[in-house]
Amino acid sequence: MKEFKKLSFIALALGLVLIGCDNPKQKKTANKQQTAQSGEGYELFKTNCYACHNPNTESHDAIIAPPMIAVKKRYSMQHQTKEAFVKAVVAWASNPTAEKALMKGAVTRFKVMPKQAFKTADLEKIASYIYDNNIEVPSWFAAHEKQMHGKGGKGMMQMNHNKK
């Protein structure tokens, strides 16, 4: 019985030590994400973009604009540096036209984004936030992306072809 108490005490002490250990890498990541979601870029993004690009929609059919993760992926493919990415997103959001669209399938599905009355400085903060941070992914996005773009899919072109 004495041996059991001794082993229990050691296990409890070891457990408390392990729980109390600070993982600086994990803490740094948590702090970075908390900072990202409390900054001005995030607030502008959430307030101005989520009305149409909300990652919490129940399906691709329910969303009224492409999910922002898709926008980020597409713009990142074309514009690898932060400066180029921000410039391209700001140019698009400042004066969206079908001719300038990188996401032709999205324009076919959702039409051209309505022109917004954003200040350039706010658009730059939003675009910088998008470039620098992980963007929320809708729960249905992986299946949609696989269906539309996996195995040689061509976005809306593939979907329209499959309807024939």
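No lab work stands behind these numbers, since they all come straight from the coordinates. Given the structure is predicted, the values throughout are model-derived calculations rather than measurements. All Cβ positions, glycine included, derive from the backbone under ideal geometry; neighbour counts span all protein chains shown.
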note = Taking the stretch 68-120 and the residues there that are closer than 24 Å to A142 by Cβ and among the aromatic types (F, W, Y), the one that is farthest from the chain's Cα centre (by Cα) would be F110
inquiry  = Quick check on the stretch 121-148: of everything there that is among the charged types (D, E, K, R) and assigned to a helix (DSSP H, G or I), which residue is nearest to the chain's Cα centre (by Cα)?
reply    = D132
ask   = Can you pull out the residues in the stretch 98-120 that are in a helix (DSSP H, G or I) and either of a type outside the set (S, T, N, Q) or within 15 Å of Y75 (Cα to Cα) (or both)?
value = K104, G105, A106, V107, R109, F110
task = Working only within the stretch 115-146, note down all residues that are among the polar types (S, T, N, Q), within 23 Å of G105 (Cβ to Cβ) and in contact (Cβ under 8 Å) with a residue 12 or more places away in the chain.
result = Q116
ask   = In the stretch 50-83, which residues are assigned to a loop (DSSP other than H, G, I, E, B) and within 20 Å of K111 (Cβ to Cβ)?
value = N54, T57, S59, H60, D61, A62, I63, I64, A65, P66, P67
message = I'd like the full set of residues that are of a type in the set (A, V, I, L, M, F, W, C) and surrounded by 15 or more Cβ atoms within 10 Å (Cβ to Cβ), limited to the stretch 111-136.
response = M113, F118, L123, I126, A127, I130, I135
inquiry  = Any residue that is under 12 Å from I126 (Cα atoms) and either surrounded by 14 or more Cβ atoms within 10 Å (Cβ to Cβ) or in contact (Cβ under 8 Å) with a residue 40 or more places away in the chain (or both) - is there at least one of those in the stretch 67-77?
reply    = yes
